[in-house]
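Report on one structure; see the data block that follows.
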Amino acid sequence: LSFAEGNTISFLIFISGTHNKGYLLNQFIMFNFGGDEMKNKNSIIFSMLLIFAMLISACSQATTGAPTTAAQTTQPSPTSASSSATSAPSAAGACPLKVEGEAKITFSGWGDATEQKIYRDSIDRFIQVCPGISVDYIPIPDKFQDKMIAQMAGGTAPDVFYVDAQLMSAFASTGQLLALDDYMKQAGVSANDFIPALMTEFQLNGKTYGLPKDWGTLGLIYLPEAFQQAGISEPTADWTWDDMRTAAKAIAAKGKYSGFCMGTDEARFAPFVFSNGGSYTSTDYKTATLDTPEVKTEAQFVADMFKEKSLVRPADIGASWCGEAIGKQLVGMTTEGGWMVNFMAQTYPNVQYKAVQIPKGPKTRADYIFTNALGVNASTKYPIASAALAIYITGEANQADIVKTGFAYSTHPDQAKLISNPIDQAISAGGLLPDSKVQYWGVNTGKVESSVSKALERVFLGDQTVDEAFKQAQQEVTTALSGQ
Amino acid sequence: METQINPSKRWGGLGAAFVTFLVVFVLLMVIALVNAPTMGGSKVMSSVSSYLSEVRKTAIPFLVAVGIVALIVGGVAAVTVYKVWPDRRQRNNLLSAYGFIAPYLLITLIFTIGVILFAFYISFTNYDIFTTPQWVGLHNYTKAFAGFTDPSQKDFVQSLYNVFWYSLIVVPIQTALAIGLAMMLNASMRFKQFFRMIFYAPSVTSSVVITLIFMWFYLKTGYINFFFAKILGVVGIQWQNVNWLGDPRGLFQLIVTAFGGSISSDQWYLKGPSIAWMAIMFQNIFTTAPTFMLMFLAALQDISPTLNEAAKIDGANKWQIFWNLTLPLLRPIILLVVVLGTIGTLQVFDQVYLATQGGPLGTSQTPVYLIFTDALGKLGQIQMGFAAALAFILAVIIFVFTFIQRRFLERGTELY
C-alpha cells in the first residue's frame, strides 16, 4: 500500500513539473524529439532508459521522506505568518516542553480553507513560543482516514495528526500512537483540564493517546416564524421532549411547516436515549444495552411521533438533511449543532432561526458530543516537539484564540464563556451537562452506530416493531463486540 | 533425434536448464520476500534490516510455501528450456519472446502476482496491518458464510444476494439494449454519426459524474418523481413520490403487499431487489449499454452484406434474417459482452460508494464495497484478513460464472 502511495505521489510530482527532474525531462524530450528527426532509434531507446532511470530515482527519493514535499509546504508558513499579522502578536503562553533543538515535524489534518487558516495560525503561534522547531502543515481535505492508515502502514505518516474514532480504534490498540501522559505531566497539563466526556474517546487502558482539539454537540434549532404561525410560545432552555412533541403537533396541525425533523440516524436519536438514562453499550463498550426499556421507550416515543406525523425525516420533505430543511423553511424544529451557524450564514442568510439547549427527558438532560483529537505518531523522530505541538494547540491559550474565530468550541470547560454567538452559546450548553456522552463506542463504534440507525430505519418503515428492531440490533452489536 | 545431438549441445542444454531454474526460483523468492505478510508500521518499514528481521519472525511459513511453488515452476521452466535448446530456431524464439515480455512480466509478478500471494496467505490470518498476522485457518471463510445460520452476520450473504439479482437483471437487459442500439445504428439512416455520438456519450462520461447526476434525478423532489407525477396526472392517477435511493422495499415485497400480504424482516431474502437497488441497476444499464453497443456495431459491420442478400433472395423477411442469421453470427460477441457484463456487475462498487454506501438496510451492499469497508476498518477494527477472504470467495464465484457461460455460449461459435 505504502509503496504504491509513495509511487503515485512521486509520479505526480514528477509529471507536474514542479520537480526539477520533470523540467530536465521536458528539456530532454524537446531536445530529442522536437529537434530534427534524424536521431535514430538508439536515441529513443536511450531516452526511454533515461525516463525509466529518473522514475526510479524519483521513487527512491520520495521514500526517503520529506525533502521533496517539505520544499513545497514549508514555504507558505513563514509568509502566512507575516500576512496573518492580526493573530501573530497575540501568541500567548510558553513552550509547553523543553523540545529537541532544530526539530522538524509534520502535521496533517482534514478541513476546508477556514480550518486550514485556523491551524496555520495556531502553528505560527506555536513556532513563536517554541522557536527552533519547523512544522510542515500538510492538510488532507478528503479521505483523510484512508490516507493515514496507508501512510502509517508504510511508515510515512506525519508526526502529529487528527485522530477520530476510526483512527483511534485502528492505531491506539496496535501501538501506533504515542502515549502522551508523560509529556503532559512535564508540561503541567492534566486530562482533568479538558471537558471530562471528551477524554473518554482518547483514553485506552489508562493511557491518553490524543488531546481533544475541538468539539460539537446538538441543540434544539427552531424557526420562530413557525411558532408564531401555530400561536404557541417559543422553546425555552427548560423544555422537555414532551414539550417539544406538543409543539411539533401544533405546528404540523397548521399545515404550513412540518413539526420536528429527524433522520433515522443514531446521532440524532442518542440525546433521547441518554435523557432516559439509557445508552447503546455499557461504559466498558463490552456489552450491548440496546434491548433495554430505557432505549426502547425512547424509540417508541420517536416512532409514535413519526406515526402521528409530528416528526418527519428530511427525505420526506425534500431536504437532504434537517439543517437544510430549516434553511428551506420546511420544518419548525430539529436538533443540529454549531455547524448550522456557518451553513445558515452562507446558504440561507435571510432565514431567521434560533436555538435552545437540548430538551430534557424523563430522567435527565443529556447531549451527544462529537469530537476529534490531535495524536502523535509513536515512531516520530521528535516525540517531544510533536507532543509539544499537540499540547500547545489543544492548550488553553491557543484554544482561546480559536474560540474567538467562532470556528470551534474550546475543549476546556472554563472557556465556554468565550463563545460569543448566542446560537452557539445555546447549543454548546448541552456539551457541559454531566450526563452527556461522546460519540464513541469502543473499537466497534461504526458497527454500533450503523446497527442503531438501521433499527430506527426498520421501525420508521413499519417493517418491525420497536421490540423486534432493537432485539435484532442487540444481536448484531453483541456479535460485533464479541470480536468475531 | 536424440542420438543426432552432439554431446556438447546436450551439456549446453543442461547448463541452460540449470540457469533457468535458478533465475526463476530466485526471482520468485525475491518477489515473495518483497510481498511477505509481515505487520506494517514505521518500526518495521523504517529500514531493510528491520523488515527482514520481521520477515524472519513471521513469514517463514509463507516463504516455504512459495518456495515449493517456485521449485515446481522453476522445474517446468528448466524442462522447457532443455527441450528447445538443441534447436537453434526454437531456442531463439523462446528467448526473444520471454525477453520481450520480461519488463511487463516482472512488474506483473511483483505488483500483481506477489500481492495475490500475499492476500491469499493473509486470508487465513487475523491481520489488522499493525500487528503480526495470526493464523486462524479457515475461520475467515466460515465467518463469511455465517450469515446463512446467524442473521446478525448476514452482511456478506446479503451482499452476494444483491449482486446476483444485479447480474440477473442488468446483464440480459443491457445486452439486449446494446444489440438493439447497434442494429439501429447499423441500418442506413439519416444523422447516423450524430446518433452514434449521442448514444455513446453516457459511456465516455465518468461514472462518478453520472452517479451524481442520477442522485439528483432520484431525489424525492427530483425529476423522475416529477416526470411520473406529470405523466400519470394526465391519466388522473395520483403519484406517490418515492425516495428512490432510500427505499429498501423489495420488488417481491411490493407485489405481495399489493395483494395484502407481508414479508417480515427476518425473511429479507424473499423480498427481492429493493427499489434503491433497482434504481442503481437502471443507472448502470444506462451507462454500460452504449459501451457494448460499440462492440456489437463493430461485429455487425463485419458481417458480409452478401449473406443478407442471399437470405433475401431465398425469401427471408427482416425478422427471419435477424433471428436466424445476424444473431447467430453475433454469438462470439454476445459471449464476450455477457461475460464482461457479469464480471462487471459482480464487482459493482462506485455507484454504491457514491450513492447509497450500502444502504438502505443493506439492500445495496455489495461484496466489493464490503471488502472496502472491512479492509479499512470503516465499521470497527481493520480486518484485512477477512476482507482478503471475501475477495477470494468473490474471485471464485466470478470464475465459476465465467466458466459456465463459456460452456453454454461458446458451444457452436467456432463454426462461424
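The values are calculated or read from the model by the stated rules, or taken from the named source; none is laboratory data. This is a predicted model, so every value here is computed, not measured. Here Cβ is always computed from backbone atoms with ideal geometry, including for glycine, and neighbour counts include all displayed protein chains. Just the protein is used for accessible areas: all its heavy atoms, side chains included, with ligands, DNA and RNA removed. Shrake-Rupley method; radii C 1.70, N 1.55, O 1.52, S 1.80 Å.
Count charges around residue A:274 for me, please; just the other residues with Cβ under 14 Å from its Cβ, Lys/Arg as +1, Asp/Glu as -1.
0
Counting only protein heavy atoms, probe 1.4 Å: which residues of region B:18-61 lose 30 Å² or more of accessible surface in the full assembly compared with their chain by itself?
Listed in order, they are B:42, B:43, B:45.
For region A:363-414, taking Cα atoms only, what is the radius of gyration to one decimal and the Dmax to the nearest whole Å?
14.5, 50
Which helices, taking whole DSSP H runs in chain B, have alpha carbons extending 27 angstrom or more along the helix axis plus mean Kyte-Doolittle at least 0.0?
In chain B, the long hydrophobic H runs are B:7-34, B:60-84, B:88-108, B:155-186, B:275-302, B:384-409.
Does any residue of region A:145-170 lose at least 10 Å² of accessible area with all protein chains in place compared with its chain alone, and if so which ones (probe 1.4 Å)?
Those residues are A:146, A:149, A:152, A:153, A:154, A:155, A:166, A:169, A:170.
For chain B, what number results from the quotient of the Cα radius of gyration and 2.2 N^0.38 Å?
1.28
Setting aside same-chain residues fewer than 8 positions from residue B:83, which lysines have a Cα under 29 Å from its Cα?
B:9
In the structure shown, do any of A:254/A:309; A:256/A:309; A:381/B:43; A:309/A:360 have a Cα-Cα gap over 18 Å, and if so which?
A:309/A:360
At a 1.4 Å probe, which residues in region A:419-444 are at least 20 Å² less accessible with all protein chains present than in their chain isolated?
A:443, A:444
Please report the carbon-and-sulfur percent of the accessible area for the protein assembly as shown; probe 1.4 Å, protein heavy atoms only, DNA, RNA and ligands left out.
64 percent
How big is D for region B:211-262, in µm² s⁻¹ as a whole number, if Stokes-Einstein is applied with the Kirkwood radius of its Cα pairs at 4 °C and 1.567 mPa s?
Here the translational diffusion coefficient equals 105 µm²/s.
For Cα pairs less than 8 Å apart in space and 6+ apart in sequence, what is the mean separation divided by the residue count of chain B, i.e. the relative contact order in percent?
Worked out over chain B, it gives 20 percent.
Interface size between chain A and chain B, please: total buried accessible area, 1.4 Å probe, rounded to the nearest 100 Å².
3000 Å²
Mind jotting down the distance between the C-alpha centroids of region A:447-475 and region B:145-187, whole Å?
What the calculation gives is 27 Å, centre to centre.
Hey, how many Å between the Cα centroid of region A:214-246 and the Cα centroid of region B:66-121?
After rounding, the separation between the Cα centres reads 73 Å.
Quick one: accessible area per residue over region B:225-381, 1.4 Å probe, rounded to a whole number of Å²?
About 49 Å² of surface per residue is accessible.
Cα-Cα pairs above 55 Å in the protein assembly as shown: how many percent?
23 percent
Please quote Rg/Rh for region A:170-241 to two decimal places, taking the Kirkwood radius as Rh and restricting both calculations to Cα atoms.
Rg divided by Rh gives 1.29.
Mind running the shape call on region B:65-206? Use the C-alpha gyration tensor, a ≥ b ≥ c as the square roots of the eigenvalues: rounded below 1.5 for a/c, prolate if a/b tops b/c, oblate otherwise.
Since a/c reaches 1.5 but b/c is at least a/b, the shape of region B:65-206 is classed as oblate.
Using R₀ = 22 Å, calculate the FRET efficiency as 1/(1 + (r/R₀)^6) where r is the Cβ-Cβ separation of residue B:80 and residue B:10; round to 0.05.
With a Förster radius of 22 Å, E is 0.90.
For every other residue with a beta carbon closer than 14 angstrom to the beta carbon of residue B:318, add +1 if it is Lys or Arg and -1 if Asp or Glu, then tell me the sum.
That works out to -1.
Which aspartates and glutamates have a Cα lying under 17 Å from the Cα of residue A:328, excluding residues fewer than 8 positions away in the same chain?
A:225, A:316, A:336
Just to confirm my numbers, what's the Cα centroid distance between region B:341-361 and region B:285-319 in Å?
About 32 Å separates the Cα centre of region B:341-361 from the one of region B:285-319.
Calculate, for region B:1-125, the solvent-accessible area per residue in square angstrom, rolling a 1.4 angstrom probe over the heavy atoms of the protein chains.
Each residue of region B:1-125 exposes 63 Å² on average to a 1.4 Å probe.
Taking each residue in B:375-387, count the Cβ atoms of any other chain within 10 Å of its Cβ, then average. What number comes out?
So the per-residue partner count for this stretch is 6.
Please tell me the relative contact order of region B:163-294 in percent, rounded to the nearest whole number, where contacts are Cα pairs under 8 Å and at least six residues apart.
39 percent
Based solely on its DSSP helices, what 222 nm [θ] is calculated for the protein assembly as shown when runs of n ≥ 4 H residues each add -39,500 (n - 2.57) and the sum is averaged over all residues, nearest 500 deg cm²/dmol?
-17500 deg cm²/dmol
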